[in-house]
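Encoded as structure tokens, the structure appears first; notes follow it.
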Ligand code: UDP
């Protein structure tokens, strides 16, 4: 696998680390459990990193030096593609020929590298875009910068070159065909998963709240994810302000949790959110928490009565699945993959705009009516159970094998 711009060892929920990191780690682990050796190439961002690190049994992370360790943003990385590719090729050259059977690139920068190494190694290139610039640019939030032309062109090239394109939803597959002219025959739609061992329903919701300092019995709304304009955490704050204006008595028992770290720039940076909460007169009920992993993150989902995913654009939305697996209904924007991640009226509600009044209606419907919340909570657990990383990894392995079979002169398939 190639994950150039963000390391599978990074903590998701801040900076450039998010769902893609989780996807790479979870699928690599499951593949290794099935006896497939996985090596993940990523750019070295610190001199302390060893050249090779073991992420899990059977999964190695190879750090490739390409440019200075610090000081480069994602927008600078197109300038490091040559250095990174050279590093990958040199690293592979130390093995006997035929070391790798398949290259799976994640995000367009890795796709550019995968395209070249695929040709050199004579193996298929499977590519997952994770997000698409043209889709993102079509629904930018205030304060968000459009994705640059270099990315659009780079994505078009990878869409044309990859042997297989993996999308998370049919909607993303349609976008690849309509906006990028991708060949539908080469697209495979494979749903991402959720770790159903870590994200389990609350046995004691109040204990989860107490651990986070949320008052007992509080009506708790949560946002989890990278704090950036595209994720629209401001919509949750505005909706909470509307709920309080409609019912001032709620102030005594409302808590809003915002969990995650800064990513990119713009209106939704944590400092701006703090000022927004103050401007809206709700600073006393909002609690900002730094990003957290695994069990600690599950506690946040369990503490919440509802998790809001108000993104302007979202290719899937793992947070929505994780929250539901913890028995917490989700109110999400009806964009991108979120209508797949959330079953409208069964596991949560979809809202088709970002109007704070309509968000207050939807959030209020879930949290202020106990019977309705319990119905949606049960539906949430059921819906999340339909997704698993084991299934995702198996479908990816089948796609690798199929891509190898389709390759002219290729071997008869990956032994799995
Ligand atoms: N995440 C995390 N800790 C946090 C916040 C988020 O580990 O404090 C993880 C979360 O569990 C999810 C991922 O970051 O798996 C975010 O994925 P999603 O698809 O929701 O959004 P993306 O970051 O890909 O835009």
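The values are calculated or read from the model by the stated rules, or taken from the named source; none is laboratory data. All of these numbers come straight from a predicted model, not from anything done at the bench. All Cβ positions, glycine included, derive from the backbone under ideal geometry; neighbour counts span all protein chains shown.
In table form, for the structure just shown:
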{"quantity": "Boolean, residue 191 is within 16 Å of the ligand (Cβ to nearest atom) and closer than 27 Å to residue 353 by Cα", "calculated": "yes"}
{"quantity": "Members of segment 302-341 found to be touching a residue at least 60 places away in the same chain (Cβ under 8 Å), near the ligand (Cβ under 9 Å from one of its atoms) and assigned to a helix (DSSP H, G or I), listed by number", "calculated": "318, 319, 321, 322"}
{"quantity": "Selection from segment 278-301 of residues that are more than 12 Å from the ligand (Cβ to nearest atom) and either over 24 Å from residue 213 (Cβ atoms) or in contact (Cβ under 8 Å) with a residue 60 or more places away in the chain (or both)", "calculated": "287"}
{"quantity": "Total residues in segment 30-51, condition part of a strand (DSSP E or B) and either modelled with pLDDT under 95 or under 19 Å from residue 392 (Cα atoms) (or both)", "calculated": "3"}
{"quantity": "Flag if residue 249 is surrounded by fewer than 24 Cβ atoms within 10 Å (Cβ to Cβ), within 20 Å of the chain's Cα centre (by Cα) and either within 12 Å of the ligand (Cβ to nearest atom) or not in a strand (DSSP E or B) (or both)", "calculated": "no"}
{"quantity": "Residues of segment 1-15 classified as in a loop (DSSP other than H, G, I, E, B) and within 9 Å of the ligand (Cβ to nearest atom), total", "calculated": "3"}
{"quantity": "Which numbered condition residue 23 fails, given (1) part of a loop (DSSP other than H, G, I, E, B); (2) touching a helix residue (DSSP H, G or I) at 6+ places or on another chain (Cβ under 9 Å)", "calculated": "(1)"}
{"quantity": "Count - residues of segment 181-218 that are under 15 Å from residue 129 (Cα atoms), part of a loop (DSSP other than H, G, I, E, B) and within 18 Å of the chain's Cα centre (by Cα)", "calculated": "3"}
{"quantity": "Residues located in segment 16-51, provided they are within 16 Å of the ligand (Cβ to nearest atom) and farther than 21 Å from residue 74 by Cα", "calculated": "26, 27, 28, 29, 30"}
{"quantity": "Hits in segment 170-182 (condition: surrounded by 21 or more Cβ atoms within 10 Å (Cβ to Cβ) and touching a residue at least 60 places away in the same chain (Cβ under 8 Å))", "calculated": "172"}
{"quantity": "Conditions (1) surrounded by fewer than 20 Cβ atoms within 10 Å (Cβ to Cβ); (2) touching a helix residue (DSSP H, G or I) at 6+ places or on another chain (Cβ under 7 Å); (3) without any contact (Cβ under 8 Å) to a residue 60 or more places away in the chain: number failed by residue 256", "calculated": "(1)"}
{"quantity": "Matching residues, segment 196-217, being at pLDDT 95 or above and surrounded by fewer than 19 Cβ atoms within 10 Å (Cβ to Cβ)", "calculated": "196, 197, 198, 200, 201"}
{"quantity": "Condition check for residue 54: free of Cβ contacts under 8 Å to residues at least 12 places away in the same chain, surrounded by fewer than 24 Cβ atoms within 10 Å (Cβ to Cβ) and part of a strand (DSSP E or B)", "calculated": "yes"}
{"quantity": "Single residue of 221, 236, 230 found to be under 29 Å from residue 25 (Cα atoms), part of a helix (DSSP H, G or I) and touching a residue at least 60 places away in the same chain (Cβ under 8 Å)", "calculated": "230"}
{"quantity": "Condition met for residue 242 (at pLDDT 95 or above and either within 22 Å of residue 263 (Cβ to Cβ) or in contact with a strand residue (DSSP E or B) (Cβ under 9 Å, 6 or more places away or on another chain) (or both))", "calculated": "no"}
{"quantity": "Scan of segment 81-111 for residues that are touching a strand residue (DSSP E or B) at 6+ places or on another chain (Cβ under 7 Å) and in a helix (DSSP H, G or I), ordered by number", "calculated": "84, 87, 88, 91, 110, 111"}
{"quantity": "Enumerated helices (runs of 4 or more DSSP H) restricted to segment 112-180, each holding at least 1 residues that are within 20 Å of residue 310 (Cα to Cα) and modelled with pLDDT of 95 or more", "calculated": "133-137, 170-180"}
{"quantity": "Residue, surrounded by the most Cβ atoms within 10 Å (Cβ to Cβ), within segment 108-136, restricted to residues that are more than 16 Å from the ligand (Cβ to nearest atom) and within 20 Å of residue 337 (Cα to Cα)", "calculated": "127"}
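Here is a yes/no grid of residues against (1) within 16 Å of residue 100 (Cβ to Cβ); (2) touching a strand residue (DSSP E or B) at 6+ places or on another chain (Cβ under 8 Å); (3) surrounded by 21 or more Cβ atoms within 10 Å (Cβ to Cβ):
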{"site": "8", "(1), (2), (3)": "no, yes, yes"}
{"site": "16", "(1), (2), (3)": "no, no, no"}
{"site": "19", "(1), (2), (3)": "no, no, yes"}
{"site": "23", "(1), (2), (3)": "no, yes, yes"}
{"site": "28", "(1), (2), (3)": "yes, yes, yes"}
{"site": "32", "(1), (2), (3)": "yes, yes, no"}
{"site": "35", "(1), (2), (3)": "yes, no, no"}
{"site": "39", "(1), (2), (3)": "yes, yes, no"}
{"site": "42", "(1), (2), (3)": "yes, yes, yes"}
